[in-house]
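The values are calculated or read from the model by the stated rules, or taken from the named source; none is laboratory data. Note that the structure is a prediction, hence the values are computed from the model and not measured. Note that we place each Cβ from the backbone using ideal geometry, even for glycine, and neighbour counts take in every protein chain shown.
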Amino acid sequence: AAEQGKGATVCFEKDLGELYQRRNTLASQLKRAIEVAELRVYYQPKVDAVSGQIIGAEALVRWPHPVYGFVPPDEFISIAEENELIHPLGTWVMEQAVMQTTKWQMTVNEKMRIAVNLSPQQFRDSALVERIKNLLELTGINPATIELELTESMLMTSGASTIDALTRLKALGLKLAIDDFGTGYSSLAYLSRFPVDTLKIDRSFVMHLQDSAEDQSICRAVIQLAKSLGLETVAEGVELEAQLQWLAANGCDLIQGYYYSPPLPAQEFLELIHRNADL
Ligand code: C2E
Ligand code: CA
Ligand code: CA
Ligand code: CA
């Protein structure tokens, strides 16, 4: 057992070393990847739970790395947050997503909505609101078709400047969604303090929905809470027909997940919209 333990330690250290090296390599290459537009924005449809119509998409950033293949965004977003690169990265994703959606609105469906994830660090940038305002003017997009996805923990820990920025973004007409709802600290106080429009039910509550009475209770409670506050609900990570059926029957507004489609490159998303319209 002692030998085994030692072997495990050596192996663990080797893995840690590799991880550390990978992180350093990625950190040193991310800036350039942003500058030369090596990153991609993928689009995952948000679908009306009842009608099955695609009403919009969530923009999710991708990094097809020449050596490592697709690097998970959780990994390089956290690197970007440590290195201040989250500002150019976040700006780039927002611009790509809004310009793409403006095109789709002009050619396919003027009501097409787009959701963009914002990292808490981005609110340390005093020019954030101004930059978004300029993008709205440049594209002429209807601001109400843009939704910002913020995590619960971010709202819980945010200071006065974040609240100020969110208030200004709302005043521009944008929508706000709380992402991963139910996984953060257990306070609902922010629901009355922030001008929220949408609750996104976290995948962890959806995953076992088809056979967990507890998760059904949680989802039912979140949907009821949202309804009584006049908020929209989106269920994320819907993979099974049974989950979709339950959510539609229990009043969840929108679904998102592999059951319908994984995140797709813009062109493939467009093809999906055309197939969806033919239904
Ligand atoms: P998130 O915002 O909670 O995004 C949902 C994640 O769930 C995405 O992972 C999506 O691909 C994945 N997903 C969607 N449907 C399913 C499903 O049915 N089953 C399963 N197992 N997963 C599903 P992804 O793209 O790897 O992104 C991970 C996280 O990285 C995101 O979580 C978000 O926090 C962050 N992220 C991605 N793009 C951006 C971005 O542009 N800016 C910022 N700040 N964060 C981003
Ligand atoms: Ca999200
Ligand atoms: Ca989420
Ligand atoms: Ca989640």
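With respect to the stated conditions, VAL67 fails to be β-branched (Val, Ile, Thr) and in a strand (DSSP E or B).
Which residue out of ARG220, ARG193 is at pLDDT 95 or above, more than 15 Å from ligand 1 (Cβ to nearest atom), loosely packed, with under 15 Cβ neighbours inside 10 Å and farther than 28 Å from THR101 by Cα? None of the others qualify; the one that does is ARG220.
Within the stretch 242-279, the set of residues being away from ligand 3 (no atom under 16 Å from the Cβ) and in contact with a Gly (Cβ under 9 Å, 6 or more places away or on another chain) comprises LEU244, ASN276, LEU279.
Among the residues of the stretch 153-165, are any surrounded by fewer than 15 Cβ atoms within 10 Å (Cβ to Cβ) and within 15 Å of ligand 1 (Cβ to nearest atom)? Looking for residues that are surrounded by fewer than 15 Cβ atoms within 10 Å (Cβ to Cβ) and within 15 Å of ligand 1 (Cβ to nearest atom), one finds at least one in the stretch 153-165, hence yes.
Do any residues in the stretch 135-160 that are closer than 13 Å to PHE123 by Cα have Cβ atoms under 6 Å from those of residues that are in a helix (DSSP H, G or I), where the two are at least six apart or on different chains, and which pairs are they? Within 6 Å, the pairs are MET154/PRO120; LEU155/TYR190.
Filtered by the rule that a residue be under 18 Å from the mean Cα position of the chain (by Cα) and more than 9 Å from ligand 1 (Cβ to nearest atom), the stretch 253-273 gives ASP253, LEU254, ILE255, LEU264, PRO265, ALA266, PHE269. Only residues that are more than 16 Å from ligand 4 (Cβ to nearest atom) and either touching a Pro at 6+ places or on another chain (Cβ under 7 Å) or under 16 Å from ASN117 (Cα atoms) (or both) were counted in the stretch 145-157, giving 2.
Applying a threshold of 8 Å to beta carbon distances and a minimum spacing of six or more residues, or different chains, the list of pairs starting in the stretch 162-184 at a residue that is within 19 Å of ALA226 (Cα to Cα) and ending at one that is crowded, with 22+ Cβ neighbours inside 10 Å and of a type in the set (Gly, Ala, Ser) reads ALA177/ALA115.
The set of residues from the stretch 223-241 being within 16 Å of ligand 3 (Cβ to nearest atom) and either surrounded by fewer than 16 Cβ atoms within 10 Å (Cβ to Cβ) or outside any helix (DSSP H, G or I) (or both) comprises LEU231, GLU232, THR233, VAL234, ALA235, GLU236, GLY237, VAL238, GLU239. For the structure I just gave you, tell me whether VAL238 is at pLDDT 95 or above, within 14 Å of ligand 4 (Cβ to nearest atom), in contact with a Lys or Arg (Cβ under 7 Å, 6 or more places away or on another chain) and β-branched (Val, Ile, Thr). Judged against the criteria, VAL238 is not a match. Going by the conditions given, is LEU174 buried (at least 16 other Cβ atoms within 10 Å of the Cβ) and more than 22 Å from ASP74 (Cβ to Cβ)? For LEU174, the condition - buried (at least 16 other Cβ atoms within 10 Å of the Cβ) and more than 22 Å from ASP74 (Cβ to Cβ) - is met. When the stretch 47-90 is filtered for residues that are among the charged types (D, E, K, R) and under 14 Å from PRO263 (Cα atoms), the ones remaining, listed by number, are GLU58, ARG62. In summary, VAL196 fulfils each of the numbered conditions (1) more than 16 Å from ligand 3 (Cβ to nearest atom); (2) in contact with a strand residue (DSSP E or B) (Cβ under 9 Å, 6 or more places away or on another chain) with the single exception of condition (1).
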